[in-house]
Amino acid sequence: MTGKTLFEKIWETHIVDSPLQEAARRDALTESGELGDDNVAGERQDLLYIDLHLIHEVTSPQAFEGLRRAGRPLRRPDLTLATVDHNVPTIGRDQPNPDPLSAKQIDVMQQNAEKFGVTLFDIFDARQGIVHIIGPEQGFTQPGMTIVCGDSHTSTHGAFGAIAFGIGTSEVEHVLATQTLRQTRPKTMSVEVTGELGPGVTAKDVILAIINEIGVSGGRGHVIEYRGQVIRNFSMEERMTVCNMSIEAGARAGLIAPDEKTFEYIRGRPHAPSEDNWERSLERWRQLATDDDALFDRETSMDGSQIKPFVTWGTNPAQSVTVDGHIPHPQDVAVAEREATERALAYMDLAPGTPIREIPIDRVFIGSCTNGRIEDIRAAAAVVKGKHVARGVNAMVVPGSGLVKRQAEEEGLADIFIAAGFEWRDAGCSMCLGMNPDILAPGERSASTSNRNFEGRQGPGGRTHLVSPEMAAAAAVAGHFVDVREVIT
């Protein structure tokens, strides 16, 4: 009998009901004559217990309304955590919200949290922030958990050795009502990154390199487990960046086996296991590793020493090249990709053959659930210290949570950015997506540390290039993309 992957160990311990169990019951009933042959088996999905349910103001209102109409209570308020992040303004919070819809969603979140007894990090709470940053920050996210949220980048929490994935609004309601969820069992995929990264190459570059290699559908139907020396060397914040963008490779979720770095990150946080339960938790968490003889449905690997800083040029995260590269010619890509390439080049207003370093930018955004943590802000500040934003460039830093903002201010990082001409904002999703006032104007081009570069993602007609915090900071100073390796050496 072969061993089990990390995914299999977590998934199987959370099954409340499964097709195999249902089949056994049906066989027994058929043999006893209680069930006829004309009965048809139901949908073949596992019913999973959910350990942590994260909610925000955008995908929860309809779900709570469903509970209200059905007269159902919230099954486990203690396993539900809410915040406001997508719609919140990042400046002028003491003023009326300029978007009536956003204001309404925030108000409804407050009302639902109060009615159903949900812990809410509201807009003026010091702990408020992006949902995928506050979960780990508060110690809610722990190894071996199943975690869901009505947001695709829930995969972030997989950095802790948890199965975490985004769900739809009807599924949000199901979890609120039952603390369970029916899911088709994904396949498993191993992505190994060997060797060591060179100077100036970051976790953001690693995940962009992976997506560039396997494509935006390369992980479809799979949960990716990231392995190898590069991954082991990463801090927890870097691991979260990698897992965050698993969804951009088409995967259902991303996973990294927990280790001593994981345990030290969690220890002492507000919702971490108490000292009385700590050793018991460690004993359980240390079992969460893929067995040596376990089999994956698919495996791939890459040499980390060969990865360079990446910049996306198109309208999906796989359309990228290294910073020393050029915009591709449509005839140089696979036939199946030519139409998409031509459309992306037209939308991005880029000419084939243009060196990446010659692309000017209008805006810089440092933040998001991908790169809005304290390590990201430190790295960007180190690049801009003593310099100034280029003429004509509007640059902003949006911390991922109120606690990150406070820590950055205490460390003097905010002062570095302000002196360099950056805007220093309050916590929120901000320019990652066009659901709040922080959006691009049509035709504006941004260097962004967020996770998606889709058409209109940062505002109708906006053009987004995904990069690491260091690359974004360097671009802000230069006014165009530069190789950050030349800046830091």
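The values are calculated or read from the model by the stated rules, or taken from the named source; none is laboratory data. In this text the structure is predicted, and so the values were computed from the model without any measurement. Positions of Cβ are generated from backbone atoms using ideal geometry, with glycine treated the same way; all protein chains shown enter the neighbour counts. Protein only, heavy atoms only, side chains kept; ligands, DNA and RNA dropped before computing areas. Shrake-Rupley method; radii C 1.70, N 1.55, O 1.52, S 1.80 Å.
Leaving out ligands, DNA and RNA, what percent of the accessible area of region 219-339 is carbon and sulfur, probe 1.4 Å? Please list the in-between numbers first.
Values: 2460 of 5640 Å².
About 44 percent, which is the carbon plus sulfur part of the accessible surface.
At 0.36 nm per residue, minus the direct Cα-Cα distance, what do HIS388 and ASN277 gain on full extension? Give it in nm, one decimal, please. Working shown, then result.
On the way: separation 111, 0.36 × 111 = 39.96 nm, distance 4.94 nm.
Difference between extended and current length: 35.0 nm.
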Taking the alpha-carbon distance from LYS308 and a cut-off under 20 Å, which lysines remain once sequence neighbours fewer than 8 residues away in the same chain are dropped? LYS204
Please list the non-local residues whose amide H lies under 5 Å from the amide H of GLY434, H modeled 1.01 Å from N, same-chain partners needing a gap of 5 or more. GLY459
Stretched fully, the stretch from GLU411 through SER301 gains (0.36 nm per residue minus C-alpha distance, one decimal, in nm) 35.8 nm
Among DSSP beta bridges lying fully in the chain, give the percent that are antiparallel, nearest 5. 25
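Can you compute the helix-only [θ] at 222 nm over the chain? Use -39500 (n - 2.57) per DSSP H run of at least 4 residues, normalise by all residues, nearest 500 deg cm²/dmol. Don't skip to the answer; put the middle values down first.
Values: 18 runs with 167 residues, N = 489.
One gets -10000 deg cm²/dmol as the mean residue ellipticity at 222 nm.
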If I fit a long axis through the Cα atoms of helix 203-214 and take the longest principal axis of the Cα atoms of the chain, what angle between them do I get, 0 to 90°, rounded to 10? 70
A student applying the Cα gyration tensor rule (rounded when a/c is under 1.5; otherwise prolate if a/b is larger than b/c, oblate if not) would label region 393-489 oblate
Whole-Å distance, taken between Cα centres, linking region 391-436 and region 251-321: 27
For the chain, give the magnitude of the charge dipole about the Cα centre (Cβ charges: +1 Lys/Arg, -1 Asp/Glu; no others), in debye to the nearest 20. 740
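Taking 8 Å as the Cα distance limit and 6 or more residues as the minimum spacing, I'd like the relative contact order of the chain as a percentage. Walk me through the numbers on the way to the answer.
Details: 1117 pairs, mean separation 82.2, N = 489.
RCO, the chain: 17 percent.
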Within straight-line cross-link reach of LYS115, lysines at Cα separation under 24 Å, skipping those fewer than 8 residues along the same chain: LYS104
If you place +1 on the Cβ of every Lys and Arg and -1 on the Cβ of every Asp and Glu, how big does the dipole about the Cα centre of region 390-463 come out, in debye to the nearest 20? 320
The local net charge around GLY198, scoring Lys/Arg +1 and Asp/Glu -1 for residues other than GLY198 whose Cβ lies under 9 Å from its Cβ, equals +1
Counting Lys and Arg as +1 and Asp and Glu as -1 over every other residue whose Cβ sits under 14 Å from the Cβ of ALA408, the net charge comes to -4
So what is the relative contact order for region 356-489, in percent, with contacts set as C-alpha pairs under 8 Å and at least six apart? 34
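Per residue, what accessible area does region 131-229 have, given a 1.4 Å probe and all protein chains present, in Å²? Let's see the in-between values first.
Numbers: 2520 Å² over 99 residues.
Averaged over the residues of region 131-229, the accessible area is 25 Å².
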Which of VAL311, GLY402, VAL216 sits closest to the plus end of the dipole of the chain, meaning its Cα is farthest towards the positive end, when Lys and Arg get +1 and Asp and Glu get -1 on the C-beta? GLY402
Give the shape of region 88-184 as rounded, prolate or oblate, defined through the alpha-carbon gyration tensor: a ≥ b ≥ c are the square roots of its eigenvalues, a/c under 1.5 means rounded, and otherwise the shape is prolate if a/b is larger than b/c and oblate if not. prolate
log10 of Debye I(q)/I(0), alpha-carbon scatterers only, for region 313-451 at 0.22 Å⁻¹: -1.32
Would you mind checking the tilt of helix 169-178 against the longest principal axis of the Cα atoms of the chain, expressed as 0 to 90 degrees and rounded to 10? 40
Taking 0.36 nm per residue of separation and subtracting the Cα-Cα distance, what length does fully extending ASP291 through ALA126 add? 55.3 nm
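Rounding to the nearest 20 debye, state how big the charge dipole of region 355-489 is about its Cα centre with +1 on each Lys and Arg Cβ and -1 on each Asp and Glu Cβ.
Details: 15 positive and 16 negative charges, 36 e Å.
It comes to approximately 180 debye.
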Sulfur and carbon atoms: percent of accessible area, region 410-467 [1.4 Å]: 54
Just want the answer: with Cβ charges of +1 for Lys and Arg and -1 for Asp and Glu, which residue in HIS326, THR59, VAL482 is farthest toward the dipole's positive end in the chain? VAL482
So which lysines pass the test for LYS187, namely a Cα distance under 18 Å, with those fewer than 8 places away in the same chain ruled out? LYS4, LYS9
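How large is the convex hull of the Cα atoms of the chain per residue, expressed in Å³ as a whole number?
Numbers: hull volume 84.1 nm³, N = 489.
Enclosed volume per residue, from the Cα hull, is 172 Å³.
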Could you give the angle, 0 to 90 degrees to the nearest 10, between helix 469-478's Cα long axis and the longest principal axis of the Cα atoms of the chain? 20
